[in-house]
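> This structure is in structure tokens; I'll ask about it shortly.
The values are calculated or read from the model by the stated rules, or taken from the named source; none is laboratory data. Keep in mind that this is a model prediction, so the values were computed, not measured. Note: ideal-geometry Cβ built from the backbone for every residue, glycine included; neighbour counts use all protein chains shown.
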Amino acid sequence: MTAAILTNNLTKQYGTLTALGNLDLQVRQGSIFGLLGPNGAGKTTLIRILTTLMRQSSGEAFIEGNDTRSRGRDIRCLIGVVPQENSLDRYLTARENLELHARLHKMDAARYRQRIDELMELMGLAGRQHDFPDTFSGGMQRRLVVARALVHQPRVLFLDEPTTGLDPQSRRSVWEYIRSIAGSMTIFLTTHYLEEAELLCDRIAIMDHGRLIAQGTTQELKARLSGDTLYEIEFDGETERYAALLKNMACIRSITVKGAVVNVGLEHWECLSEVVSALNGAPVRRISLRERTLEEVFISLTGAGVRQ
Ligand SMILES: Nc1ncnc2c1ncn2[C@@H]1O[C@H](COP(=O)(O)OP(=O)(O)O)[C@@H](O)[C@H]1O
Ligand SMILES: [Mg+2]
């Protein structure tokens with residue numbers, strides 16, 4: 001099957017700045033792919049090239065087999081785009097914004113009327129469709145832009161930071177709507193929220209400074225960290241003494257102490273029995289396995305927190 005999105009050695013220079021460097025990416029049809037990276041990583045630049053708004057400096061990109069350099073018109077029929085900034089027409093009502101988009105895509109009225117009715121319903125906006133976007137909350141505006149991107153039934157939907165700047169409740173509602181449309185098309189989204197990528201995406205790529213630094217399923221990315229097994233040991237006193245004892249054990253790769261809790265990273269999970277024997281007689285309250293969050297994976301891969 002043709003990949004929904006394919007890039008080979010894709011590079012974009014802004015003067016001397018390499019915003020994208022030799023990017024190789026493949027997105028399967030029908031999947032939800034998350035591109036994760038801090039501000040300035042190159043996410044929007046990539047989306048602009050894939051959606052034919054901008055030319056790459058070198059390398060190739062294909063949308064369902066169509067070259068972005070020569071098949072722009074075909075690609076623009078195939079895709080829906082939710083840009084980072086909302087770009088709604090504030091002098092048109094919500095419904096008129098969608099109608100304008102439908103007409104730009106040369107849909108006939110009978111077809112787009114029904115389609116817009118369905119989308120307004122799907123995005124929970126039916127009751128507000130004759131109001132102006134300025135009167136909408138951030139989450140509603142975002143849903144309206146998603147609805148607009150779906151009017152002409154695209155096969156590939158691009159969402160550039162769909163929930164940045166939204167309050168937690170609106171983010172959740174946008175997630176629900178994204179999930180409700182998943183499966184019927186390929187979805188490519190960018191985000192700097194790890195939680196969002198983890199929740200929505202089948203596969204995730206992490207980029208920083210224009211380069212891909214990791215790619216895989218959430219599970220695979222978590223497993224890529226060194227010191228795979230992390231345990232949390234909570235003491236009821238004598239924490240420092242036992243932490244010092246654990247620090248000297250060969251099978252313990254990393255150790256951090258926070259109050260009464262000691263986090264240890266083990267070489268293999270089998271080492272746990274050694275640790276437990278070493279703690280014989282110690283006032284241990286709890287030992288629990290700790291799964292790494294994607295946030296930790298991200299920081300360990302990019303070497304820093306998310307830049308604002
Ligand atoms: N039109 C432009 N001209 C010059 N530099 C740009 C332009 N657009 C983006 N950049 C720079 O390219 C890098 C990547 O930006 P961008 O693709 O917007 O990243 P992201 O969307 O991940 O925040 C940043 O360093 C940014 O300042
Ligand atoms: Mg961006």
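> Which ones in the stretch 103-123 are within 29 Å of the chain's Cα centre (by Cα) and over 19 Å from I181 (Cα atoms)?
Scanning the stretch 103-123 gives a single hit, H105.
> Test I47 against the stated conditions and say whether it is under 20 Å from R203 (Cβ atoms) and in a helix (DSSP H, G or I).
Against the criterion (under 20 Å from R203 (Cβ atoms) and in a helix (DSSP H, G or I)), I47 qualifies.
> Further, regarding this structure: Exactly one of these conditions fails for G183: (1) assigned by TED's automatic domain parsing to the domain that holds S31; (2) surrounded by fewer than 21 Cβ atoms within 10 Å (Cβ to Cβ); (3) more than 16 Å from the chain's Cα centre (by Cα); (4) modelled with pLDDT of 90 or more. Give me its number.
Unmet for G183, out of (1) assigned by TED's automatic domain parsing to the domain that holds S31; (2) surrounded by fewer than 21 Cβ atoms within 10 Å (Cβ to Cβ); (3) more than 16 Å from the chain's Cα centre (by Cα); (4) modelled with pLDDT of 90 or more: (4).
> What are the residues in the stretch 7-44 that are in contact with a helix residue (DSSP H, G or I) (Cβ under 6 Å, 6 or more places away or on another chain) and either over 22 Å from R203 (Cβ atoms) or modelled with pLDDT of 95 or more (or both), if any?
Of everything in the stretch 7-44, those that are in contact with a helix residue (DSSP H, G or I) (Cβ under 6 Å, 6 or more places away or on another chain) and either over 22 Å from R203 (Cβ atoms) or modelled with pLDDT of 95 or more (or both) turn out to be K12, A19, L20, I32, G34, L35.
> Kindly provide the set of residues from the stretch 250-305 that are over 23 Å from L36 (Cα atoms) and part of a helix (DSSP H, G or I), ordered by number.
If the condition is that a residue be over 23 Å from L36 (Cα atoms) and part of a helix (DSSP H, G or I), then W269, E270, C271, L272, S273, E274, V275, V276, S277, A278 are the ones that fit.
> Could I ask something else about it? Taking L23 as the residue in question, decide whether it is without any contact (Cβ under 8 Å) to a residue 12 or more places away in the chain and out of contact with any Cys (no Cβ under 9 Å at 6 or more places or on another chain).
No.
> Next question. Please verify whether E198 is assigned to a helix (DSSP H, G or I), in the same structural domain as G124 (by TED's automatic domain parsing) and in contact (Cβ under 8 Å) with a residue 24 or more places away in the chain, treating the condition exactly as stated.
yes
> Which residues, counting only those in the stretch 62-78, are closer than 16 Å to H101 by Cα and touching a residue at least 60 places away in the same chain (Cβ under 8 Å)?
Selection gives C77, L78.
Here's the yes/no breakdown for (1) farther than 14 Å from L23 by Cα; (2) within 16 Å of ligand 2 (Cβ to nearest atom); (3) not assigned by TED's automatic domain parsing to the domain that holds H152:
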{"position": "P38", "(1), (2), (3)": "yes, yes, no"}
{"position": "G42", "(1), (2), (3)": "no, yes, no"}
{"position": "N66", "(1), (2), (3)": "yes, no, no"}
{"position": "N97", "(1), (2), (3)": "yes, no, no"}
